[in-house]
1. So the check is Cβ under 7 Å with 6+ separation or different chains; which pairs have a first residue in the range 57-78 that's part of a helix (DSSP H, G or I) and a second one that's surrounded by 12 or more Cβ atoms within 10 Å (Cβ to Cβ) and hydroxyl-bearing (Ser, Thr, Tyr)?
2. Output the residues belonging to the range 47-59 that are closer than 14 Å to residue 72 by Cβ, in contact with a helix residue (DSSP H, G or I) (Cβ under 7 Å, 6 or more places away or on another chain) and surrounded by fewer than 19 Cβ atoms within 10 Å (Cβ to Cβ).
3. Given the criteria of a type outside the set (Phe, Trp, Tyr), modelled with pLDDT under 90 and either in contact with a Cys (Cβ under 9 Å, 6 or more places away or on another chain) or part of a helix (DSSP H, G or I) (or both), does residue 2 qualify?
4. Within the range 1-37, which residues are surrounded by 15 or more Cβ atoms within 10 Å (Cβ to Cβ) and in contact with a Lys or Arg (Cβ under 6 Å, 6 or more places away or on another chain)?
5. Can you name the number of the only condition in (1) free of Cβ contacts under 8 Å to residues at least 40 places away in the same chain; (2) in a helix (DSSP H, G or I); (3) under 9 Å from the mean Cα position of the chain (by Cα) that residue 31 fails?
6. Hey, could you check the range 79-112 for residues that are assigned to a helix (DSSP H, G or I) and among the charged types (D, E, K, R) and say which is modelled with the highest pLDDT?
7. Is it the case that residue 43 is small (Gly, Ala, Ser), touching an Asp or Glu at 6+ places or on another chain (Cβ under 9 Å), within 19 Å of residue 16 (Cβ to Cβ) and crowded, with 20+ Cβ neighbours inside 10 Å?
Amino acid sequence: MNGTPYLIDVGENAVRRLVQAGVDFVRVGRVFITHGHSDHTMGLPALLASQWEFQRRDPVVIYGPPGTQKLVSGALVFLEENSADPRYRRKPHADRRDGRGARCSARRDISR
């Protein structure tokens with residue numbers, strides 16, 4: 001929308017599919033999750049980790065049905081170890097001001 005890629009659901013291999021389609025996954029700033037099944041959500045940690053590795057600075061906003069906040073929180077907990085490990089944080093990432101990995105906020109639950 002207006003040159004900004006949005007993602008509807010984020011299943012396994014979502015980042016790979018975006019690259020194959022010629023979409024810059026780092027620019028995806030909004031994710032809409034239709035429902036909480038794993039085939040619609042399993043790629044969320046990979047998307048957030050990949051964006052962090054490619055130095056996305058802005059938070060990704062994720063919209064979804066009830067339970068989305070729990071899903072997002074779990075993905076961020078899953079990724080914390082990567083951002084805390086100094087061996088993983090190679091030189092290109094050393095300038096991160098917040099010292100953490102990807103940030104995300106679920107603004108509100110949506111349904112239907």
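The values are calculated or read from the model by the stated rules, or taken from the named source; none is laboratory data. Owing to the predicted nature of the structure, the values given are computational and were not obtained by experimental measurement. As a convention, Cβ positions derive from the backbone with ideal geometry for all residues, glycine included, and neighbour counts pool all protein chains shown.
1. Short answer, once both residue conditions are applied: 71/41.
2. 49, the sole residue that qualifies.
3. Details: of a type outside the set (Phe, Trp, Tyr): yes; modelled with pLDDT under 90: yes; either in contact with a Cys (Cβ under 9 Å, 6 or more places away or on another chain) or part of a helix (DSSP H, G or I) (or both): no.
No: the conditions fail for residue 2.
4. 5, 26
5. Status for residue 31: all satisfied but (2).
6. Within the range 79-112, the subset assigned to a helix (DSSP H, G or I) is 79-84, 91-93.
Filter again for among the charged types (D, E, K, R), leaving 80-81, 91.
Details: 80: 81, 81: 76, 91: 38.
The selected residue is 80.
7. On the way: small (Gly, Ala, Ser): yes; touching an Asp or Glu at 6+ places or on another chain (Cβ under 9 Å): yes; within 19 Å of residue 16 (Cβ to Cβ): yes; crowded, with 20+ Cβ neighbours inside 10 Å: yes.
Spelling it out, residue 43 is indeed small (Gly, Ala, Ser), touching an Asp or Glu at 6+ places or on another chain (Cβ under 9 Å), within 19 Å of residue 16 (Cβ to Cβ) and crowded, with 20+ Cβ neighbours inside 10 Å.
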